[in-house]
């Protein structure tokens, strides 16, 4: 579904990614883990069109999307729950969800049953259902994360990119988020999950890649990776 | 360098000798006007070129200068050596009055406010006829010097002298610590504040200085024209001034003079259709030649030149189609602004410089600076000043129950922190745990929602970033905040701004107080560069340095503040292993001077090697604290970083 | 301009009334004129808000957009004899196209190179060009715009109010309400609000934010052109009518707060009434001063505007 090959990207003179390759097969959950500063956000930004890669290839399905603008990539079916949530704070929960389906409402993607999908999303996230007419800016961190994920689902996407969904959330909420990810997985939704929380991410994913200083230092099936000392080293330095 | 001096002297001689050679009063008056506008543009360049603010009110300031002269002469019969200082001072005062509210806000606000100011001034001059004679205007004869009225030629020489003096003063100011402060505040306002240079205050200074020059220009203009009236000082004039600065070239005295020449000659050009056609054709031909040369040398692409080419050729064609150009002056003027704004951003001076550099591969600037550099010897003294308060032990900084809330998000939730003097204290935690927020609270960028921060027995909550910096807390930034367009040396010199106590007068006259401070600062700056191993790159623009070196330069700049407490925000991020080794050496040396350090890091090896004590944040709360080894083994910490066994 | 014309005439009536002991009438009349003038300012300021919200830029030539609308309207209504009310939508379309052009030529390149100076100077330049072109097409003299309705004043609370002033107030409010409704109900309107809220996130939703910005400029000029044909019958129409209006509308936008719709209406009312009263009681030359001084005062004391919110910095 999503193929990243030898991607290089950075900001001005600073190169952050030195040629990484990640494959996300259809129907699978792949996770990209690494500590802060490893390049996870840069990878996300390159894939979603927020920055232009300096080299390498990104393919969504059969279409090459490197260098495309964000809105073009979204219209091709790539939904993104961004780092820091970035919900539209002055709009209601419902409006945020409706905007998630913007390409469907404006004929860039097949329309389908928007009302039905909206209801389903609210069922999946009962907290959001309670607050459907509340302004998104007044929601707590955890609720905003739910909203960002629900908004991504509203696109009826080919693949969902989840960027650090656990960031800044209390442990209980982190559990809930990952439970929802597991549920989405069981419905066959393809996901690329970028996370700092290696353990939780590897629990829910099928396959994992470890990113360190802009390079993939390890990858493999998630349960094998869980016990890999390379993972621990990437976070806590050698001594564990 | 020699060539430059010879050219300069030749130019001055030509300038002064001009009326002796060309005896036509019309041309003398023309050159006089160019010189007068140039003085105003020197000042405007400080605001627009250096600090990067848009001012649409300088015609108003110009008008104040003229009318101070006019009113003082008409009502009180004041001679020129009273009107000139009066014009400068009063206009500067108005500049301050305008700048104080206007510079609290950014960007387009300043443009509109200065626009409003200019309009008010014009209205007031027009309406207050009891003072200004209103629309009737004021007649002023040439000034009397030693009893006799100056002739056209004599006044011309007075203007020459004043203009050359202004040139010298502006040049000296911009090369001094003041000029560096102005540039710094444009490159990175946040870093500027944190280096003890208050952005707001210096924006106001820049504006006031430029107002002073506008006042001087206005005063000279009054005597030159011998008649002033309100409808000269209109918005269009302000726009003309801006165009002049941009077209001539920012941050350049020659650019200002060139710009002045252009705007004085422009109306003449736009009035005479025959002349305009000639100039337009010449320009078009020049541009075509230039484009062909550039294309052949692969300096540019067809796409890039096509639009300006179409514009200039189109302009030439348009001029042949028109019978009468006067009616379309403003349209052409408007198109010129558009062309200049998008295709001549560095002005003619900048364009020539860049083109020359691209053609020859050399940069004249670098060659000159390299010369100057060889003359700086790093001072023998220790470049890092020991912490001023060397009482052993004791608490230097105490964070008490700080809460930092943004809307519904608690970035810092009731955090306590005690930093012991002379120690290296690590602050770690997963992404989003509140570490950078803590840094920003400690340096005054955020004001905590609740709680207190006590530094050396004084609360710093509510103090501005520059006040905090000057009281001894320095920092580096997670996202490098260097003054990109300034050299490495200049970056450090900005950090040393606090060592300068010279006044504007000391700077303008290059009095010993200033020259001593400047050379001492340069020596010390070189020493600091040496300390971090960057002395060979002293002349490189900071934005061109490799990433690792940029980070280390930030540390050197922070040290220039003579801090007691140094906050390092992820200094090892993006560094390679050998760089990290060097970093650890630097940190140790800093500690040996008794300076306390708070270190935010993700690289555990750095934390383990350097820190005496480590505090761990998670979701804005402190979850563990202790010696590095203890913290590393702490269950809660491991869970926070790697995530629980849930889901 | 408008104030001079009607106020001088009214002043003569009122010295008559004064002798009869009815000074309150004058004040009320000034207030009504002030309200209608203020609503014009508010509509122009509304345009500033639209573009500022979505792109962080605004059109320094907004006054010229109004002027072009008025002049085009004049040609359609006067020369071509088209009915005033039918002419309005045509002028609106013209305004939209003009706004789109401004964005394309002046603003888009500046946003690309992240130059604030760029769009400030280029929108000023475009304003200068439009004004000069207008002078050449329509001449430098001011002209009278035929009023679509009776010039007979209506009595409200004892004061004389021109029916056109009521049309202005109604029209301005209607326009702003329409846009608000659009923003809330239609999906495209929501896309605009989303872009204003978080441009990057809006792009991630599949919204073409570049197009949204062009659209907001088109809408902004549309409202200015609409304001132009509203105010034209009340005042003299000419190439110079826009400059002062644009500047004062900016004062209103600052006073009210660049993000508050309610704020600009209140700001407009304050400014409009301050102007008409100053112009009458002090001198018409000083008429423009209170607004500008108010602007400086608000910036000095509460830069976010009376209704605005200040922003949090992030490092």
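The values are calculated or read from the model by the stated rules, or taken from the named source; none is laboratory data. Since the structure is predicted, the reported quantities are computational estimates derived from the model, not experimental observations. Positions of Cβ are backbone-derived with ideal geometry, glycine not excepted, and every protein chain shown enters the neighbour counts.
Taking the criterion of being more than 9 Å from chain C (Cβ to nearest Cβ), closer than 11 Å to residue A:156 by Cα and touching a helix residue (DSSP H, G or I) at 6+ places or on another chain (Cβ under 7 Å), no residue of region A:64-100 qualifies. Under the condition of being within 14 Å of chain B (Cβ to nearest Cβ) and not in a helix (DSSP H, G or I), the residues counted in region C:79-110 number 0.
Counting only residues that are assigned to a helix (DSSP H, G or I) and surrounded by 21 or more Cβ atoms within 10 Å (Cβ to Cβ), region B:190-201 holds 5 of them.
State whether the residues of region B:53-63 include one that is surrounded by fewer than 24 Cβ atoms within 10 Å (Cβ to Cβ) and in a helix (DSSP H, G or I).
No, region B:53-63 contains no residue that is surrounded by fewer than 24 Cβ atoms within 10 Å (Cβ to Cβ) and in a helix (DSSP H, G or I).
Here residue C:297 passes the criteria (1) surrounded by 21 or more Cβ atoms within 10 Å (Cβ to Cβ); (2) within 9 Å of chain B (Cβ to nearest Cβ); (3) modelled with pLDDT of 75 or more except the one numbered (1). The single condition from (1) closer than 23 Å to residue B:515 by Cβ; (2) buried (at least 19 other Cβ atoms within 10 Å of the Cβ) that residue B:164 fails is (2). Counting the residues of region A:168-182 that are in contact with a strand residue (DSSP E or B) (Cβ under 9 Å, 6 or more places away or on another chain) and at pLDDT below 80 gives 1. Out of the residues in region C:133-153 that are within 14 Å of another protein chain (Cβ to nearest Cβ) and not in a loop (DSSP other than H, G, I, E, B), which is surrounded by the most Cβ atoms within 10 Å (Cβ to Cβ)? So, considering only residues that are within 14 Å of another protein chain (Cβ to nearest Cβ) and not in a loop (DSSP other than H, G, I, E, B), the one surrounded by the most Cβ atoms within 10 Å (Cβ to Cβ) is C:134.
Mind checking which residues of region A:163-212 are in a loop (DSSP other than H, G, I, E, B) and within 8 Å of chain B (Cβ to nearest Cβ)? Answer for region A:163-212, where residues must be in a loop (DSSP other than H, G, I, E, B) and within 8 Å of chain B (Cβ to nearest Cβ): A:164, A:166, A:167, A:168, A:169, A:170, A:196, A:197. For residue B:214, the criteria (1) touching a strand residue (DSSP E or B) at 6+ places or on another chain (Cβ under 8 Å); (2) over 20 Å from residue B:27 (Cβ atoms) hold in every case but one, which is (1). Cβ separations smaller than 6 Å between residues 6+ apart or across chains give the following pairs from region C:135-164 residues that are in contact (Cβ under 8 Å) with a residue 40 or more places away in the chain to residues that are in a strand (DSSP E or B): C:142/C:236; C:143/C:237; C:145/C:237; C:161/C:154. Which one of C:213, C:105, C:187, C:156 is closer than 30 Å to residue A:96 by Cβ and surrounded by fewer than 21 Cβ atoms within 10 Å (Cβ to Cβ)? Step by step, each of C:213, C:105, C:187, C:156 is checked, and only C:187 is closer than 30 Å to residue A:96 by Cβ and surrounded by fewer than 21 Cβ atoms within 10 Å (Cβ to Cβ).
Residue-wise test of (1) more than 14 Å from residue C:294 (Cα to Cα); (2) more than 9 Å from every other protein chain (Cβ to nearest Cβ).
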| position | (1), (2) |
| --- | --- |
| B:90 | yes, yes |
| B:100 | yes, no |
| B:103 | yes, yes |
| B:108 | yes, no |
| B:119 | no, no |
| B:124 | yes, no |
| B:127 | yes, no |
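Considering region A:138-158 alone, what residues qualify as being over 18 Å from residue C:204 (Cβ atoms) and either away from chain B (no Cβ under 13 Å) or not in a loop (DSSP other than H, G, I, E, B) (or both)?
Answer for region A:138-158, where residues must be over 18 Å from residue C:204 (Cβ atoms) and either away from chain B (no Cβ under 13 Å) or not in a loop (DSSP other than H, G, I, E, B) (or both): A:138, A:141, A:142, A:143.
Just one of the listed residues (B:570, B:635) is surrounded by 17 or more Cβ atoms within 10 Å (Cβ to Cβ) and within 14 Å of chain A (Cβ to nearest Cβ), and it is B:570. For region C:117-128, the criterion of being more than 7 Å from chain B (Cβ to nearest Cβ), more than 18 Å from residue B:243 (Cα to Cα), buried (at least 16 other Cβ atoms within 10 Å of the Cβ) and in contact with a helix residue (DSSP H, G or I) (Cβ under 6 Å, 6 or more places away or on another chain) is met by none of the residues.
Do we find that residue B:314 is at pLDDT 70 or above, closer than 30 Å to residue B:424 by Cα and exposed (fewer than 14 other Cβ atoms within 10 Å of the Cβ) in this structure? So residue B:314 fails the test.
Could you identify the single residue in C:223, C:195, C:278 that is surrounded by fewer than 22 Cβ atoms within 10 Å (Cβ to Cβ) and either part of a helix (DSSP H, G or I) or touching a helix residue (DSSP H, G or I) at 6+ places or on another chain (Cβ under 8 Å) (or both)? The match here is C:278. The single condition from (1) within 22 Å of residue B:610 (Cα to Cα); (2) modelled with pLDDT under 90; (3) buried (at least 19 other Cβ atoms within 10 Å of the Cβ) that residue B:554 fails is (2).
When region A:37-88 is filtered for residues that are farther than 25 Å from residue C:112 by Cβ, over 16 Å from the mean Cα position of the chain (by Cα) and crowded, with 22+ Cβ neighbours inside 10 Å, only A:38 remains.
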